[in-house]
Amino acid sequence: PEETVTSSFASFIHAVRPEHLSKTVRQRSKRMILDSIGVGLVGSTTHVFDIALRYCRLYSSVAVSSVYGKPGIKLSPTLAAFTNGVATHSMDFDDTWHPATHPSGAVLPALLAASQMLPPSTKPNGMDFLLAFNVGLEVQGRLMHFSTEAHDIPKRFHPPSVVGTMGSAAATAKLLSLSTAQCGHALGIAASLAGAPMANAATQAKPLHIGNATRLGFEAALLAARGMEANPLILDDIPGCSGFSAFYSVYQPKPLSTPSDHHEFLLEKQDIAFKRFPAHLGMHWVVDAALSVRNLFINYAGSFSPSLIRTIVLKIPVSKYINRPFPSSEHQARHSFQFNACTALLDGEVGLSSFTESSIHRQEVRELLDKVVVEHPEDNVANFDKMYGEVALLLHSGDVLTGKCDTFYGHWRKPLSKESLLKKFRSNASHVLPEEKIEAIITMVDNLENLSDSSQL
C-alpha cells in the first residue's frame, strides 16, 4: 500500500530505537523529566489537585500506580496518570515548547503509571522510558508544525489537550511495544478523545486539559493494544472528511521518515522553556521587564515609591485570555499581564506566594492595577518566539522610565542553568518530600539511561 502520513508516524513510533537519541536530546529530555516531576510534586499541594484526587478515589480497580505527593495512595494506571497530569498543570508551572504547548505533563504521567502497571518480566528500563518520552515529544512537535496557526498564542483550543493527547498515545504505544498497525490505531483513537476550549483558561478546569491529555492518550494505546481500530488516515489531509485537520484552519501534513542510522529529533533543534515562577509563559516577559524598570526606579528615587508613579504602561501582544486588568482568583492572576507586572514592581519578585488570596487582594496591588494602561504595538505579535514585554513608568515629575524584555531567563534562547533548574526542583519537591528522597530522584533522572527498571522512578 502507498505510504500515508498516518502510516509514516506509526512506522516511526514502532521502529525508532534508543540509539537514535543524541546526547543533546537525552540531556534536554532529562531536564524536562526532572522539572516536570518537581512541578507535579508541588502541584499535589493545590486545591484543584485535591478535587481531582477525591474524584479518582471514587473508583475501585487495580490500584498499582503512584500519585504525586501522596505516598500512601495508589490508583488505577489511567486515573493515576490523570491525577498526576492535573498536578503538573495545577499552578501553570510546567514547561512550554514552540509552537506553543506544554509537552512534558501530557506524556510523563502516562509513562510513570504504565511502568508501574506492567508485570515484572516486562518492566521497561530507563532507556526504554527515555525513548518513549521523546517519541511523545516528537509526535507533538511534528503535528504542531503542520499548521502555521500553531505558532501563535492559541485562541480556540488549548494545544496540550490536542497534541498532548496524541503524544501520550504515541509514547505509551512505544513503551508497551505495540505493533506498527496498533500504533496507527492508537493515534486514531486519541484524535477522537482530544480537545478542550480556551474559554476554560484561568479556571480550575484548565489543569484538567493536561490530566485528560495524558490519561486519554494512555487509554487510546490500551484500547489499540486490545484490538480497537480507528481511521488509518487520521493524520492525512482528506478533503471533505476532517481527521486531525479538524483542529486547525490551515493544515499541511508531511510524512515522518522512518529513522535509519540517524534521526534528528525536534528537541535537538528546539529547546524547551522552563518557568521560574508558576504562571502563564507570557507573564515571564512582563515580569522581567517590570523587574528591570523597578531597578531603574530605585536608582532614580532611592526606593520603590508607588506614589511617584502616575501611569504604568504595558506594551504586550494581543491575547484576550491573558489580558486581565483585575484578576479575582489565583488562576486568573496566573493569566494576567497586569497582575504579574504590578506584583513584580511591588515585591521585586514573583513566586509561589504571589498567587495566594491574600497577595492577590492586597490594597497596594490594587492601587497599582488602577494605574495600568495597556498598549498593543503592531510589532509585538502573540508568538512565544517573537513577542516582547515592555513596562514604562510615567512619573508625576514628567520623567519616564522603561524596562523591556525580549527573552526572559528560562526561555529556549536563554535556558536555565543546571544550577537554576536544580534549585527550582529542590524547592518544589521540598513541599512534600524529605531531602534524601529529593536527592535520590535527581540522581536517578541524571542516570536514567542506566536504570534497569523505570518503575523505580
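Brief remarks follow.
- Positive-end extreme of charge dipole, the chain - chosen from SER329, GLY398, ALA279 (charges on Cβ): SER329
- With Cα atoms, 0 to 90° folded angle of helix 418-429 axis to the chain main axis: 90 degrees
- Selected from PHE133, ASN450, MET117, residue furthest toward positive end of dipole (the chain; charges at beta carbon): MET117
- Contact order, relative form, for the chain: 21 percent (alpha carbon pairs under 8 Å, 6 or more residues apart, mean separation divided by residue count).
- Global form of region 281-405, assessed from the alpha-carbon gyration tensor, a/c cut-off 1.5: oblate
- When the charge dipole of the chain is built from unit charges on Cβ atoms (+1 for Lys and Arg, -1 for Asp and Glu) and taken about the Cα centre, the candidate among THR180, TYR248, MET91 whose Cα reaches farthest toward its positive end is MET91.
- Taking Cα atoms only, the orientation of helix 337-347 departs from the longest principal axis of the chain by about 60 degrees.
- Order of exposure, largest accessible area first, which applies to SER336, SER179 with probe 1.4 Å: SER179, SER336
- Chymotrypsin sites (Phe, Trp or Tyr not before Pro) within region 43-113: DSSP coil, no more than 16 neighbouring Cβ in 10 Å: TYR59
- Rolling a 1.4 angstrom probe over the chain with all protein chains present gives an accessible area of which 51% lies on carbon and sulfur atoms.
- Residue-normalised accessible area of region 309-457, given per residue in Å² at a 1.4 Å probe: 47 Å²
- Full-extension gain in nm, SER260 to LYS418, via 0.36 nm per residue minus C-alpha separation: 53.7 nm
- Per residue, the accessible area of region 158-273 comes to 39 Å², computed with a 1.4 Å probe over protein heavy atoms only.
- The radius of gyration of the Cα set in region 72-197, together with its Dmax, comes out at 14.4, 46 angstrom.
- Each Lys and Arg Cβ is given +1 and each Asp and Glu Cβ -1; about its Cα centre, the chain then shows a dipole of about 700 debye.
- Looking at the chain, the DSSP beta bridges with both ends there are about 80 percent antiparallel.
- Helix 165-175 and the long axis of the chain differ in direction by around 40°, with both axes built from C-alpha atoms.
- Cβ-placed point charges (K, R +1; D, E -1), dipole of region 226-334 about Cα centre in debye, nearest 20: 820 debye
- Taking 26 Å as the limit for the C-alpha separation, the pairs LYS30/LYS155; LYS174/LYS269; LYS70/LYS424; LYS155/LYS424; LYS70/LYS320; LYS155/LYS386 exceed it in the case of LYS30/LYS155; LYS155/LYS424; LYS70/LYS320.
- Computed with a 1.4 Å probe over protein heavy atoms only, the accessible area of THR258 comes to about 70 Å².
The values are calculated or read from the model by the stated rules, or taken from the named source; none is laboratory data. Just so it is clear, the model here is predicted, and its values are computed rather than measured. In this analysis, Cβ positions are derived from the backbone assuming ideal geometry, glycine residues included, and neighbour counts consider all displayed protein chains. Note: areas computed on protein heavy atoms with side chains; ligands, DNA, RNA excluded. Shrake-Rupley method; radii C 1.70, N 1.55, O 1.52, S 1.80 Å.
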